[in-house]
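S.K.: Here it is, the structure, as structure tokens.
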Amino acid sequence: MEKEQYLGVSVSSLTYEEIIADIKKRIAAGKKSTVIAVNPEKVMAANRDPLVKELINESTYQIPDGVGMIIASMLKGGKIRERVTGVDMMGRLLRFAAEEGHGVFLYGAKEEVVSKAKENLERQIPGLIISGYENGYVQDQSALIQKINDSKAVLLFVALGSPKQELWIREHMNELKHVKVFQGVGGSFDVYSGMVKRAPAFFRKAGLEWLYRLIKEPKRIKRQMALPKFVLKVLASR
Ligand code: UDP
């Protein structure tokens with residue numbers, strides 16, 4: 001599979017459609033696939049914590065979520081020119097699931113968030129079957145695993161924040177008999193529930209989603225400092 005490397009972290013150069021086509025083949029072959037969103041903040045975290053690096057690099061698809069990944073690719077002669085965001089990847093996968101008749105399970109976020117996300121998604125995507133959901137604060141893990149297995153869902157979206165969701169996926173992947181596609185989606189259920197608004201299209205198209213979020217939440221500056229540090233490190237790397 002096509003990958004680029006930034007500071008020891010793999011990043012997939014596939015588009016949304018190429019990932020969907022590949023996943024379709026892998027499902028037909030009975031293989032499990034994992035999707036993880038990579039941004040400068042996560043690459044910097046991976047450089048501090050070998051476990052985070054391992055979680056990213058062992059995933060099937062490391063999607064370039066964030067303009068920082070495009071900058072890195074341009075600086076290093078890679079071919080990534082468009083973002084593949086976690087929230088939009090989830091949207092594409094949901095449409096794919098609806099077309100193929102695959103059931104979907106949503107795990108994570110607060111009860112009112114995940115139930116509202118389910119309701120909105122089923123209304124927006126014709127044919128979508130959300131065969132089960134659970135909030136991200138339940139304690140009984142074996143009941144949860146049973147519930148996901150009973151739902152026969154083929155796609156599972158886990159919204160517990162990073163790296164908690166990726167650790168959860170790694171720990172339970174093999175107990176989940178029917179699930180073939182796993183994606184850790186952070187705050188995406190909050191977006192689909194309508195409780196958190198995405199940046200207006202102008203900011204998104206211009207690659208300025210970070211600026212919009214910074215204006216709305218100035219304390220994000222600390223997290224966003226990862227971007228210039230990341231770009232400098234990539235430039236200094238061979
Ligand atoms: N969350 C959860 N259980 C937990 C901790 C967090 O379900 O034990 C949910 C939280 O309600 C929110 C999401 O995980 O919906 C975290 O989203 P955030 O945007 O913080 O994730 P990021 O993408 O920044 O890692």
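The values are calculated or read from the model by the stated rules, or taken from the named source; none is laboratory data. Everything numeric in this text was worked out from a predicted model, so none of it was measured. FYI the Cβ positions are ideal-geometry reconstructions off the backbone, even for glycines, and counts take in every protein chain you see.
S.K.: In the stretch 183-238, how many residues are at negative phi, of a type in the set (Gly, Ala, Ser) and surrounded by 14 or more Cβ atoms within 10 Å (Cβ to Cβ)?
M.R.: Final tally of qualifying residues: 6.
S.K.: What are the residues in the stretch 55-112 that are farther than 16 Å from Tyr6 by Cα, out of contact with any Asp or Glu (no Cβ under 7 Å at 6 or more places or on another chain), within 15 Å of the ligand (Cβ to nearest atom) and in a helix (DSSP H, G or I), if any?
M.R.: Val87, Asp88, Met89, Met90, Glu111, Glu112
S.K.: Residues that are farther than 30 Å from Asp150 by Cα and in contact with a strand residue (DSSP E or B) (Cβ under 6 Å, 6 or more places away or on another chain): does the stretch 14-37 have at least one?
M.R.: The answer is no; no qualifying residue exists.
S.K.: Then there's this: Only one of Ala117, Ala153, Ala143 is more than 19 Å from the chain's Cα centre (by Cα), at pLDDT 95 or above and of a type outside the set (Phe, Trp, Tyr). Can you tell me which?
M.R.: That would be Ala143, the only listed residue that is more than 19 Å from the chain's Cα centre (by Cα), at pLDDT 95 or above and of a type outside the set (Phe, Trp, Tyr).
S.K.: Can you pull out every residue in the stretch 113-132 that is touching a residue at least 24 places away in the same chain (Cβ under 8 Å) and away from the ligand (no atom under 16 Å from the Cβ)?
M.R.: Ile125, Pro126, Gly127, Leu128, Ile129, Ile130, Ser131
S.K.: Are there helices (runs of 4 or more DSSP H) fully within the stretch 139-235 with at least 1 residues that are among the polar types (S, T, N, Q)? List them.
M.R.: 141-151, 164-172, 188-192, 221-224
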